[in-house]
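Engineer: One structure coming up, written as structure tokens, with questions to follow.
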Amino acid sequence: MKKLSLIMACSLSLILVGCSEPAPQKEPEKAAEAIGGQSALYKMYQMARSGWSADAQVLTLNSIHLPEVPPIPGKAGAWQAIFTSDRLGRSRTYTYSVVESQGNLHKGAFAGQEGAWTGKQGVNTSFLIAAVQIESDAAYKTALENSADYDKKNPGMTISVMLEKTPKFASPTWRIVWGESVGTSAYSVYVDATTGDFLEKMH
């Protein structure tokens, strides 16, 4: 009897083991990907408009390259925007990052410091976000089409991106910069952020 009970117990154990499903394997997390400036700007604008001031307008947008995010020309791992509010007479900085990173960069949209706003910052004026119809990587392609010789002579350079509105052009512009910043660059291209048209080369 004991022998029969032992056989039955062993058989039941084998059935349970055979029927149990292996634990599902977790898929590896996808590497963070760079994001276009227009896309990041809208995410920051939604936060600024709902959580800060309903009349928020765009003053500037700048790309921030992160070592953790593979570079894609015309896109970036993080972006920094400054919005303005005429009603409050204030400006406020926001960032959007695809990862947590150094320099107080948090994943997603993040509100930063406020400052004074008098209607102008240097030569830059604020503008409605609706004027930004062209994504930054599309602006880069337009800039590259008009910069084939320079790009060929300077392969692998970091591409930085700015969005601003100056008296020089009627619409806000993407400024595609070959280099880490405008101050250290010897070459950049202006592209209309509303139409996507090539505007001017700067040496």
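The values are calculated or read from the model by the stated rules, or taken from the named source; none is laboratory data. Fair warning: this is a prediction, and the values are worked out from it, not measured in the lab. Positions of Cβ are backbone-derived with ideal geometry, glycine not excepted, and every protein chain shown enters the neighbour counts.
Engineer: Exactly one of (1) of a type in the set (S, T, Y); (2) in a loop (DSSP other than H, G, I, E, B); (3) under 24 Å from A32 (Cβ atoms) is unmet by T118. Its number?
Structural biologist: Exception for T118: condition (3).
Engineer: Within the stretch 182-203, take every residue that is loosely packed, with under 15 Cβ neighbours inside 10 Å and touching a strand residue (DSSP E or B) at 6+ places or on another chain (Cβ under 6 Å) and give me the one that is farthest from P71 (Cα to Cα).
Structural biologist: It comes out as E200.
Engineer: Okay, next question. Listed residues G183, G196, G122; which is under 14 Å from N62 (Cα atoms) and not charged (D, E, K, R)?
Structural biologist: Among G183, G196, G122, only G183 is under 14 Å from N62 (Cα atoms) and not charged (D, E, K, R).
Engineer: Can you tell me how many residues within the stretch 26-74 are touching a helix residue (DSSP H, G or I) at 6+ places or on another chain (Cβ under 8 Å), buried (at least 21 other Cβ atoms within 10 Å of the Cβ) and of a type in the set (V, I, T)?
Structural biologist: Qualifying residue count, the stretch 26-74: 1.
Residues are listed down the side, and each one gets a yes or a no for (1) modelled with pLDDT under 95; (2) farther than 29 Å from V189 by Cβ; (3) polar (S, T, N, Q); (4) within 11 Å of the chain's Cα centre (by Cα):
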{"position": "I35", "(1), (2), (3), (4)": "no, no, no, yes"}
{"position": "Q38", "(1), (2), (3), (4)": "no, no, yes, yes"}
{"position": "L59", "(1), (2), (3), (4)": "no, no, no, no"}
{"position": "A76", "(1), (2), (3), (4)": "no, no, no, yes"}
{"position": "R87", "(1), (2), (3), (4)": "no, yes, no, no"}
{"position": "G103", "(1), (2), (3), (4)": "yes, no, no, no"}
{"position": "E114", "(1), (2), (3), (4)": "no, yes, no, no"}
{"position": "G122", "(1), (2), (3), (4)": "yes, no, no, no"}
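Engineer: Which condition breaks for I134 when tested against (1) out of contact with any Gly (no Cβ under 8 Å at 6 or more places or on another chain); (2) buried (at least 19 other Cβ atoms within 10 Å of the Cβ); (3) part of a loop (DSSP other than H, G, I, E, B); (4) among the β-branched types (V, I, T)?
Structural biologist: Looking at each condition in turn, I134 falls short on (1).
Engineer: Next question, about the same structure. Which of the residues belonging to the stretch 146-167 are in a loop (DSSP other than H, G, I, E, B), of a type outside the set (A, V, I, L, M, F, W, C) and touching a residue at least 12 places away in the same chain (Cβ under 8 Å)?
Structural biologist: Answer for the stretch 146-167, where residues must be in a loop (DSSP other than H, G, I, E, B), of a type outside the set (A, V, I, L, M, F, W, C) and touching a residue at least 12 places away in the same chain (Cβ under 8 Å): N146, S147, N154, T158, K165, T166, P167.
Engineer: Kindly establish whether V99 is buried (at least 22 other Cβ atoms within 10 Å of the Cβ), more than 27 Å from P155 (Cα to Cα) and in contact (Cβ under 8 Å) with a residue 12 or more places away in the chain.
Structural biologist: no
Engineer: Identify all residues within the stretch 112-123 that are touching a residue at least 12 places away in the same chain (Cβ under 8 Å), surrounded by fewer than 16 Cβ atoms within 10 Å (Cβ to Cβ) and either under 13 Å from A81 (Cα atoms) or not hydrophobic (A, V, I, L, M, F, W, C) (or both); write none if there are none. Step through it out loud before you land on a result.
Structural biologist: The initial filter retains those residues of the stretch 112-123 that are touching a residue at least 12 places away in the same chain (Cβ under 8 Å), namely 112-119, 121, 123.
In the following step, the residues that additionally are surrounded by fewer than 16 Cβ atoms within 10 Å (Cβ to Cβ) were identified as 112-116, 118-119, 123.
Selection gives G112, Q113, E114, G115, T118, G119.
Engineer: In addition: Determine whether the stretch 128-135 contains at least one residue that is modelled with pLDDT under 95, within 22 Å of Y190 (Cβ to Cβ) and not basic (K, R).
Structural biologist: No.
Engineer: Is there any pair linking a residue in the stretch 83-96 that is surrounded by 15 or more Cβ atoms within 10 Å (Cβ to Cβ) to one that is of a type in the set (F, W, Y), with Cβ under 6 Å and at least six apart or on different chains, and which?
Structural biologist: Final answer for the pair search is T84/W117; R90/W117; S91/W117; R92/W52; R92/F83; T95/F110; Y96/W79.
Engineer: Can you say whether K141 is modelled with pLDDT under 95 and basic (K, R), as far as the supplied structure shows?
Structural biologist: no
Engineer: Can you confirm whether the stretch 144-153 contains a residue that is in contact with a Leu (Cβ under 8 Å, 6 or more places away or on another chain) and farther than 19 Å from I82 by Cβ?
Structural biologist: yes
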